[in-house]
Amino acid sequence: MEGLFKHASVYVAENGAFETRDMAVVSGILDCAGDTIFSTPVYDASTCVILPGFVDVHVHLREPGFSYKETITSGTKAAARGGYTVVCAMPNLNPVPDEMSTLQPQLDLIRQGALVRVIPYGAITRGEHGKELADMEAMAPYVVGFSDDGRGVQSDEMMCAAMRKAKELGKLIVAHCEDNSLLRGGYIHDGAYAAAHGHRGICSESEWRQIQRDIELVRRTGCGYHVCHISTKESVELIRQAKREGLDVTCETGPHYLLMDDSMLQEDGRFKMNPPLRDRADREALLAGICDGTIDMIATDHAPHSADEKGRGLEKSAMGIVGLETAFPLLYTYLVKPGVITMEKLMELMYVNPCRRFGIENSMKHGNFTVFDLEKTYKIDPAEFLSAGKATPFTGWDVSGRCLLTVSQGKVVWDSGELQPV
């Protein structure tokens with residue numbers, strides 16, 4: 001793609017601020033236009049922002065093993081449409097990537113089908129069963145970190161051993177925190193909605209108790225530790241205190257935990273995810289954690305399932321929703337526009353901090369950027385999704401900000417067709 005974007009608001013990562021600039025795209029590389037005269041098309045970008053491609057450190061692309069839910073290709077198409085140029089793929093696959101022989105099929109599929117950069121996770125334990133460490137050393141050069149996402153590591157001794165090995169390898173432990181002994185068959189938050197509608201609840205302690213345990217293990221091992229999709233006020237406070245102590249701890253949350261709570265539940269599988277939507281007080285604590293820096297980044301936990309798997313109501317539907325195509329417009333519309341956070345803060349959460357924490361190079365100068373028209377308004381419609389998964393609790397929400405263009409490593413991976421030369 002070639003062209004000159006006139007009067008765009010451009011995020012300048014070097015100073016963490018936005019500047020109005022004329023930007024040229026030449027052979028997929030973005031640079032200041034200066035006084036150069038271009039013969040390529042000129043676009044009026046006065047309502048647009050040019051942003052570094054977002055980084056999502058927590059997605060499920062479902063291949064190998066579950067391609068009926070999503071494929072590397074369909075998932076990365078969705079990522080590109082959402083403005084993402086790097087996604088990190090979780091290991092709850094078949095086979096589970098727990099040694100090179102089981103990681104290689106995923107690497108091959110990524111090489112063959114990915115539109116944006118995909119970096120896989122290696123499993124912490126063999127088969128994600130929590131009984132024996134995976135071959136972390138062999139996988140380390142090829143993975144972004146180690147996780148048993150979808151399952152908490154129940155054994156203190158196993159998690160401690162994993163942390164020691166990860167520290168030795170210079171990799172993060174990325175933890176799905178869930179104490180199985182506290183689940184009691186629950187499938188939504190153990191709150192007012194569950195009580196009023198006769199559902200079994202998942203208590204908040206099932207999440208924060210394991211975070212508490214792991215923080216103690218970080219004290220013991222010095223391991224770099226990142227907590228997946230936190231959802232409770234207690235989790236926020238535990239991580240806040242760990243940071244004050246100087247421990248090497250970071251965390252993420254998802255757009256749905258920031259924008260929804262269990263008072264907004266409906267009897268529909270598209271409202272079911274793990275962890276579940278919590279209480280309003282939890283949502284307020286998460287927003288405070290975003291604002292004060294306790295929560296480092298926003299990840300979608302994009303988790304596609306088939307229509308049948310999501311069509312069985314709250315109790316029997318599979319857990320997980322999609323989010324790559326809706327994250328930025330939702331966060332811009334409901335957090336930035338009302339003044340809860342700034343656009344600069346949103347870029348920290350979706351780009352700067354994920355890159356820094358996970359050691360990911362994804363700069364605009366290397367051809368990784370996205371263009372959004374902030375004045376485009378529309379309703380979220382799953383029928384438009386490029387992901388094979390369609391389940392989202394945000395169906396019908398009004399949003400501002402449509403992705404017009406995404407370029408990954410100098411190649412156009414999404415073009416809405418709405419950019420027209422002047």
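The values are calculated or read from the model by the stated rules, or taken from the named source; none is laboratory data. Values in this document were obtained by computation on a predicted structure and should not be read as measured data. A quick note on method: Cβ atoms are made from the backbone with ideal geometry, for glycine too, and the neighbour counts reach across all protein chains shown. For accessibility, only protein heavy atoms count, side chains too; no ligands or nucleic acids. Shrake-Rupley method; radii C 1.70, N 1.55, O 1.52, S 1.80 Å.
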* Failed item in (1) of a type outside the set (A, V, I, L, M); (2) out of contact with any His (no Cβ under 9 Å at 6 or more places or on another chain); (3) assigned to a helix (DSSP H, G or I); (4) open to solvent by 20 Å² or more (accessible area, probe 1.4 Å), with Gln154 passing the rest -> (3)
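Within the range 139-151, work out how many residues are among the charged types (D, E, K, R) and either without any contact (Cβ under 8 Å) to a residue 24 or more places away in the chain or open to solvent by 10 Å² or more (accessible area, probe 1.4 Å) (or both). Break it down into steps so the answer makes sense when it comes.
Start the filter on the range 139-151 by keeping residues that are among the charged types (D, E, K, R), which leaves 148-149, 151.
Subset that is either without any contact (Cβ under 8 Å) to a residue 24 or more places away in the chain or open to solvent by 10 Å² or more (accessible area, probe 1.4 Å) (or both): 151.
Residues in the range 139-151 being among the charged types (D, E, K, R) and either without any contact (Cβ under 8 Å) to a residue 24 or more places away in the chain or open to solvent by 10 Å² or more (accessible area, probe 1.4 Å) (or both): 1 in total.
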* If we scan the range 197-216, do we find a residue that is in a strand (DSSP E or B) and touching a strand residue (DSSP E or B) at 6+ places or on another chain (Cβ under 9 Å)? -> yes
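Does Leu182 fit the bill of being of a type in the set (A, V, I, L, M, F, W, C), open to solvent by 30 Å² or more (accessible area, probe 1.4 Å) and modelled with pLDDT of 95 or more?
Details: of a type in the set (A, V, I, L, M, F, W, C): yes; open to solvent by 30 Å² or more (accessible area, probe 1.4 Å): no; modelled with pLDDT of 95 or more: yes.
Taking the combined requirement at face value, the residue does not satisfy it.
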* To do: Out of the residues in the range 109-138 that are within 26 Å of Gly53 (Cα to Cα) and touching a strand residue (DSSP E or B) at 6+ places or on another chain (Cβ under 6 Å), state the one that is most open to solvent (accessible area, probe 1.4 Å).
  => Arg117
* **Yes/no for Val340 being closer than 22 Å to Met297 by Cβ and either among the small types (Gly, Ala, Ser) or surrounded by fewer than 18 Cβ atoms within 10 Å (Cβ to Cβ) (or both)** => yes
* Within the range 310-322, can one find any residue that is at pLDDT 95 or above and in contact with a Pro (Cβ under 6 Å, 6 or more places away or on another chain)? -> yes
* For the range 202-224, state whether one or more residues are buried (at least 18 other Cβ atoms within 10 Å of the Cβ), in contact (Cβ under 8 Å) with a residue 40 or more places away in the chain and closer than 26 Å to Gln106 by Cα. => yes
* **Scope the range 10-24; condition closer than 18 Å to Ser363 by Cβ, open to solvent by 30 Å² or more (accessible area, probe 1.4 Å) and in contact with a Ser or Thr (Cβ under 9 Å, 6 or more places away or on another chain); matching residues** => Ala13, Phe18, Glu19, Arg21
* Structure fact -> Contact list, first residue from the range 369-386 and closer than 14 Å to Gly323 by Cβ, second anywhere and open to solvent by less than 80 Å² (accessible area, probe 1.4 Å) and hydroxyl-bearing (Ser, Thr, Tyr), beta-carbon distance below 7 Å, six or more apart or interchain, is Ile380/Thr326; Ile380/Thr392; Ile380/Thr395; Pro382/Thr392; Pro382/Thr395; Leu386/Ser74
* To do: Filter the range 262-296 for residues that are closer than 18 Å to Trp397 by Cβ, in a loop (DSSP other than H, G, I, E, B) and either modelled with pLDDT under 95 or among the basic types (Lys, Arg) (or both) and give the result.
  => Lys272
* Asked: Quick one: what pairs do we get from the range 1-30, first residue of a type in the set (Asp, Glu), second not in a strand (DSSP E or B), C-beta under 6 Å, 6+ apart or different chains?
  -> Glu2/Thr40; Asp22/Ala33
* Filtered residue count, the range 58-103, keeping only those that are under 16 Å from the mean Cα position of the chain (by Cα), farther than 16 Å from Ser306 by Cα and either open to solvent by 10 Å² or more (accessible area, probe 1.4 Å) or aromatic (Phe, Trp, Tyr) (or both) -> 4
